[in-house]
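Colleague: Next up is a structure, given as structure tokens.
The values are calculated or read from the model by the stated rules, or taken from the named source; none is laboratory data. Here the structure is a predicted model, which means the values were calculated and not measured. FYI the Cβ positions are ideal-geometry reconstructions off the backbone, even for glycines, and counts take in every protein chain you see. In case anyone asks, the SASA skips ligands and DNA or RNA and just uses the protein heavy atoms, side chains included. Shrake-Rupley method; radii C 1.70, N 1.55, O 1.52, S 1.80 Å.
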Amino acid sequence: LSLTVQISLRIDRIDLAREQLALMRQGDEDSVLTQLAGAYVDVASGRSGASDAVHALASLSEQYGPSLSLMNATACAHMASGSMDKAWAALEEAAAMEGGSNDADTLINTVVCKRHLGKGDSEIEPLLARLRAGHASNPFVQGLVRVEGAFEREALKYRAESVA
């Protein structure tokens, strides 16, 4: 059922994800998988559910200890709720964990958070370079490369010819 929740969220069918989550909760409301699925559905629901997700993820973190995945999910929940400073704190904690400073999800979330905090390209480009170099097969990186290529092709069409 948790896989069905993830697939439903992936195809932007929050209604189906909620139905599957309800079935999961009937089976075992206290299971870790049910709590995580609930947090993902809450984040996907937007600002209205993000605070519930933050509380659920904090509870899991207290109960089982913080992990890279939990800290990234917490950062996403804070970003969804509009609390960029709290998201930044969660990302700093994730980056400090073993393997966190080069984790693709942590780097991507850091890029997004910095952009929302109004940081300039001078802070964001090094992160993107690390992503491109170390995680070329990541779907985010592949999409970024594809969009940048499309932009460059279109920019060539409108390039001003220099008059000599």
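Colleague: Could you run through segment 142-161 and say how many residues are under 19 Å from Leu127 (Cβ atoms) and either of a type in the set (Ser, Thr, Tyr) or in contact (Cβ under 8 Å) with a residue 12 or more places away in the chain (or both)?
Modeller: 2
Colleague: In segment 127-145, is there at least one residue being over 30 Å from Pro66 (Cβ atoms), surrounded by 10 or more Cβ atoms within 10 Å (Cβ to Cβ) and not hydroxyl-bearing (Ser, Thr, Tyr)? Steps first, answer last, please.
Modeller: From segment 127-145, those over 30 Å from Pro66 (Cβ atoms) are 145; that's our starting set.
Right, trim to surrounded by 10 or more Cβ atoms within 10 Å (Cβ to Cβ) and you get 145.
Then keep just the ones that are not hydroxyl-bearing (Ser, Thr, Tyr); that gives 145.
Yes: segment 127-145 contains one or more residues that are over 30 Å from Pro66 (Cβ atoms), surrounded by 10 or more Cβ atoms within 10 Å (Cβ to Cβ) and not hydroxyl-bearing (Ser, Thr, Tyr).
Colleague: Still on this model: Across segment 71-86, what is the total count of residues that are buried (at least 21 other Cβ atoms within 10 Å of the Cβ) and not polar (S, T, N, Q)?
Modeller: 8
Colleague: Further question: Specify the residue that is surrounded by the most Cβ atoms within 10 Å (Cβ to Cβ); the eligible residues are those in segment 23-56 that are of a type in the set (D, E, K, R) and assigned to a helix (DSSP H, G or I). Before the answer, list the steps.
Modeller: Step one: of segment 23-56, the residues of a type in the set (D, E, K, R) are 25, 28-30, 42, 47, 52.
Going one step further and asking which of them are assigned to a helix (DSSP H, G or I), we end up with 25, 28, 42, 47, 52.
Values: Arg25: 16, Asp28: 11, Asp42: 23, Arg47: 10, Asp52: 17.
The qualifying residue surrounded by the most Cβ atoms within 10 Å (Cβ to Cβ) is Asp42.
Colleague: Going by what's in this entry, would Glu123 be described as open to solvent by 40 Å² or more (accessible area, probe 1.4 Å), modelled with pLDDT under 95, under 25 Å from Met79 (Cα atoms) and among the acidic types (Asp, Glu)? Spell out how you get there, then give the answer.
Modeller: Values: open to solvent by 40 Å² or more (accessible area, probe 1.4 Å): yes; modelled with pLDDT under 95: yes; under 25 Å from Met79 (Cα atoms): yes; among the acidic types (Asp, Glu): yes.
Here the answer is yes, as Glu123 does meet what is asked.
Colleague: Go through segment 6-22 and count every residue that is part of a helix (DSSP H, G or I), open to solvent by 50 Å² or more (accessible area, probe 1.4 Å) and closer than 16 Å to Gly46 by Cβ.
Modeller: The qualifying residues number 2.
Colleague: For segment 19-64, name all the residues that are within 21 Å of His78 (Cα to Cα) and over 20 Å from the mean Cα position of the chain (by Cα).
Modeller: Here is the first cut: in segment 19-64, the ones within 21 Å of His78 (Cα to Cα) are 32-64.
Hits for segment 19-64 are Glu62, Gln63, Tyr64.
Colleague: Moving on to the next point. With (1) without any contact (Cβ under 8 Å) to a residue 24 or more places away in the chain; (2) under 23 Å from Ser137 (Cβ atoms) as the list, and Asp28 as the residue in question, which single condition is left unmet?
Modeller: (2)
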